[in-house]
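Data first, discussion second: the structure below is written as C-alpha cells.
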Amino acid sequence: MRKKLETLIQQAVTTLKKEGVIAEDITVNITLERSRDAQYGDFASNLALMLAKPTKLNPRQLAEKIVAALPEDSAVKKVEIAGPGFINFFIDSSSQSDIVKQIHELGPDFGRSQIGAGKKVQVEFVSANPTGPLHVGHGRGAAYGSVVADLLEAVGFIVHREYYVNDAGRQMDILATSIWLRYLEECGEPVRFPDNGYRGDYVSDIALDIYRNAKNEYRRPFELVLEDIPKDESQGGDKEAHIDALIARAKTLLGTVAYRDVFQVGLNNILEDIKNDLQEFGVDYQEWFSEQHLMDDGSVAKALKRLQTSGHLYEKDGATWFASSKLGDEKDRVVRRENGQYTYFASDIAYHMNKLDRGFDQIIDIWGADHHGYIPRVKAAIQALGADAAKLKVLLVQFATLYRGDEKVQMSTRSGEFVTLRQLRDEVGKDAARFFYVMRRSEQHIDFDLQLATSKTNENPVFYVQYAHARVCSVLRQLVEKGWARDMLSGMESLDQLTEEHELSLLSTLERYPEMLERAALTHEPHQLILYLRELANDFHTYYNAHQFLVDDAKIRDARLNLVSAVKQVLANGLKLLNINTPETM
C-alpha cells in the first residue's frame, strides 16, 4: 500500500510539473509515514511542507494542488489536508484485506524484495581468535551477523558470509606453546606453567591427544626449556617477556617442523570446535579466510608496497609507519616493526585490500564494541588503497551480561575462562539464545535473563511469538477434529466481513511486514524484526482471546481462518530469517 500511494503522489507531482506549479529542476523526495492516530488516516505525507519554499507557495495551498492532481484509486477511500499542510490518506477497508490474498499467494516469499538489485555484500562476523572456545560475547556477534546477512539476502543483495581466521601471530604462538607445555606435563616433566599461558581445560585435552598419538616425540627436558628464561610476573618479572622467551625456546628445541605440528594440531582442533559450535547455533559461512594465507602468498607485502607507492608509508626509528593521521586517524600506525615483523594491523590492511579486490559493492565488518577505536585506521587504509572509505561499514556489538532472575551470573571462572556459547545453548536452547541476542540494538548492552529465556510463559518473548504460531496450527487441527472443511476461495471472497477492531488491527500489522523487512535490512537492525514479530503475536493473541474462529457461519469462519493462516505464514517467514523454529505444538 505504501508503494501504491508513493506512485500516486509521484504521478501528481509529474502533473504539477507539467502545469508549472513545481519547477522541473526541483528534486522531489516522497516520504510517507504511517499515522499513529486513526483519526488522521492510515498514512501521512509532509510533501507540501517540504516543497513550499522551493515552489514559493503556501504549504496548505500546495497540498490542495497535490490532492487535486492525485489519480483516482479504489484503494484510497479519502484524502484530507490537516494542519499546516499534511496530506492524510484513508485506505478503504476492503483494500486492506487484499494483504491476506497476497500472503497466501506468495507464501514464504511474502515480504522479500529486490531492492538490493543483486549488489554484492560481504559480511564478516565473529572472527574470534582460534585460541579457545567461543564465549557468550561471541554468541551475540554470531546471532547478529547471521541475521544481518539473511535480511540483506531477503531484500535482494548477494551476500557472502565470511569468518576471518586469525591463525598467524603472537596469540597463536602463545596457544601452541601452552599446548606443548601441557604435553610436557603428560610426559612427566615438572612444568611450571606461565602466568600468560592459555589455561583452559581444552588446552590439556589437546595436549593429551598429542601425547596419545606421538608419545615422547616432542618431549624435551624442562630444565632446557627454562634455561636463562626471564622471570614470570608472579616471580617478580615481566609476564610478556617470559612468554615470548618460552615461545622462542619452544621453536628452537622443537625445530620448525615439530613446532608447526603442535601449532597445527591446536589450530585445527579449536577451529573445528568453533565451526561445529556455530553450525549448531544456526550460523553458516561461505568462506573461512586464513590470515596465514595472506602471509604465505605475499599479500601483506603487496599491500604495504601499494601504500608505499601512493606515498602513505614512511620510516622512523627503524620501523615502517602508515601515515593514517592524514586520513582521519588520531595518530600514525606501525605496520612493520624494527625486527622486520609485520603488525596485526598490516595483516588487516592486506585483508581489506583482498576484500576490495574481490569486487564487493559493500563490505560490512561486525566487531565487538571494544574495537571502536580501530575503525578510523581501517577506513584510512581503505582510502589509502584508492577506494572510497564509505564502502566499509563497521557495525559494533556490545557485550551481554548474564542473569538468572535478579542474580548476576559469574561470567568467568577463576582461571579467566568465560561462559561458553555452547554452555549457554545447552541451558536455554538455540532459539531463545538467538532471539534474546538480537532483541536490542547491537550497540546497546543487553542483560540476558537465563531464567526468563527458559520459562514457558507469556513474559518470555520467544515463547510468546512461537506460541502464536502454534496456536494457529492448533486452530487448524481443531477444524479437522470437528469434521469441517475449510473453503479457502470462499474465505477470500468473504474477507470484507472482517470488520472487527481486532481483525482490522491484524490486517494493518500484516501489511507493514514488507516495509519493515526492507527497513530492518537496510539499517542493519534485526531488532526491528523482533519488535514486529512481538507486535504481530500480541495482536493475534488478543484476537484469539476475544473471538471464536470456528463459528457456525461458514463464510466468516473461512475468512477468519484465512486471516490467521496469513498470520501463521508471516510469523514463519520472520522466524525463519532469525533461524528460529516454528513449532506446531507447545
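A few remarks follow.
- For the stretch 249-354, alpha-carbon Rg relative to the globular expectation (2.2 N^0.38 Å, N residues): 1.36
- As a fraction of the 1.4 Å probe accessible area of the stretch 460-504, surface on carbon and sulfur atoms comes out at 50 percent.
- Estimated vicinal HN-Hα couplings, Hz - the stretch 223-231 in sequence order (Karplus 6.51, -1.76, 1.60; Gly, Pro = x): 5, 6, 4, 8, 4, 6, 7, x, 5
- Heavy-atom SASA rank of ARG440, ARG377 (probe 1.4 Å, accessible area, largest first): ARG440, ARG377
- Fully extending the segment from GLN423 to ARG519 would add 31.2 nm, taking 0.36 nm per residue of separation and subtracting the current Cα-Cα distance.
- Helix 239-280 and the longest principal axis of the Cα set of the chain meet at an angle near 30°.
- For the stretch 231-296, the spread of Cα positions along the three principal axes, ordered from largest to smallest, is 46, 29, 20 Å.
- Within the chain, longest stretch free of exposed GluC sites (Glu not before Pro) [DSSP loop, at most 16 other beta carbons within 10 Å]: 73-216
- Percentage of interatomic Cα-Cα distances in the stretch 154-209 larger than 14 Å: 62 percent
- For HIS372, the accessible area of its heavy atoms, probed at 1.4 Å with every protein chain present, is near 110 square angstrom.
- Computed [θ] at 222 nm, deg cm²/dmol, the chain (DSSP H ≥ 4; -39,500 (n - 2.57); rounded to nearest 500): -16500 deg cm²/dmol
- Taking all pairs of distinct alpha-carbon atoms in the stretch 364-449, Kirkwood radius in angstrom: 15.2 Å
- Cβ-placed point charges (K, R +1; D, E -1), dipole of the stretch 403-535 about Cα centre in debye, nearest 20: 680 debye
- Whichever aspartates and glutamates have a C-alpha closer than 13 Å to that of LYS275, once near sequence neighbours (fewer than 8 apart) are set aside: GLU162, ASP284, GLU287
- For the chain, the longest principal axis of the Cα atoms and the long axis of helix 375-384 meet at an angle of about 90 degrees.
- Taking amide hydrogens as placed 1.01 Å from N in the peptide plane, the amide H of VAL397 sits under 5 Å from those of TRP367, GLY368, ALA369, each at least 5 positions away in sequence or on another chain.
- In the stretch 70-147, the ratio of gyration radius to Kirkwood radius, Rg to Rh, stands at 1.26 when only Cα atoms are counted.
- If only the Cβ of Lys and Arg carry +1 and only the Cβ of Asp and Glu carry -1, the dipole of the chain around its Cα centre is close to 1000 debye.
- Under 12 Å, Cβ to Cβ, from ASP98 - net charge with Lys/Arg +1 and Asp/Glu -1: -2
- With all protein chains modelled, accessible area of ARG534 [1.4 Å, Å²]: 80 Å²
- Cα-only Debye scattering, the stretch 427-586: base-10 log of I(q)/I(0) at q = 0.08, 0.20 Å⁻¹: -0.25, -1.27
- Taking the 1.4 Å solvent-accessible surface of the stretch 343-443 as the whole, the part contributed by carbon and sulfur is 46%.
- Translational diffusion of the chain, µm² s⁻¹ [Kirkwood Rh, Cα pairs; Stokes-Einstein; 37 °C; 0.692 mPa s]: 116 µm²/s
- Selection from ASN129, ASN562, SER74 lying farthest towards where the dipole of the chain points positive, charges on Cβ: SER74
- Computed over protein heavy atoms with a 1.4 angstrom probe, the accessible surface ordering of SER455, SER45, largest first, is SER455, SER45.
- Label separation (ASP238 vs GLU501): 7.4 nm, computed from points 7 Å beyond Cα along the C-beta direction.
- Taking a ≥ b ≥ c as the square roots of the eigenvalues of the alpha carbon gyration tensor, the stretch 348-401 is prolate, as a/c is not under 1.5 and a/b beats b/c.
- Relative to one another, the C-alpha centroids of the stretch 507-586 and the stretch 433-484 are positioned 12 Å apart.
- Taking the Cα centre of the stretch 2-146 as reference, the dipole from Cβ charges on Lys and Arg (+1) and Asp and Glu (-1) amounts to some 300 debye.
- Base-10 log of normalised Debye intensity for the stretch 1-142 (one unit scatterer per alpha-carbon) at q = 0.09, 0.14, 0.17, 0.19 Å⁻¹: -0.45, -0.78, -0.97, -1.11
- Ligands, DNA and RNA left out, the accessible area of the stretch 290-342 computed with a 1.4 Å probe is 46% carbon and sulfur.
- Accessible surface computed residue by residue for the chain, with neighbouring protein chains in place and a 1.4 Å probe, gives 46 Å² per residue.
- Charge sum, other residues only, whose C-beta stays under 12 Å from ASN579's C-beta, Lys/Arg counted +1 and Asp/Glu -1: -1
- Taking all pairs of distinct alpha-carbon atoms in the stretch 516-556, Kirkwood radius in angstrom: 12.3 Å
- With a cut-off of 11 Å between beta carbons, the residues surrounding LEU495 carry a summed charge of -2, where Lys and Arg count +1 and Asp and Glu -1.
The values are calculated or read from the model by the stated rules, or taken from the named source; none is laboratory data. This structure is a prediction, so every number in the text was calculated from the model and none was measured. Virtual Cβ from ideal backbone geometry, glycine too; neighbours counted across all protein chains shown. Each accessible area value is taken on the protein alone, full model and side chains, heavy atoms only, with ligands, DNA and RNA left out. Shrake-Rupley method; radii C 1.70, N 1.55, O 1.52, S 1.80 Å.
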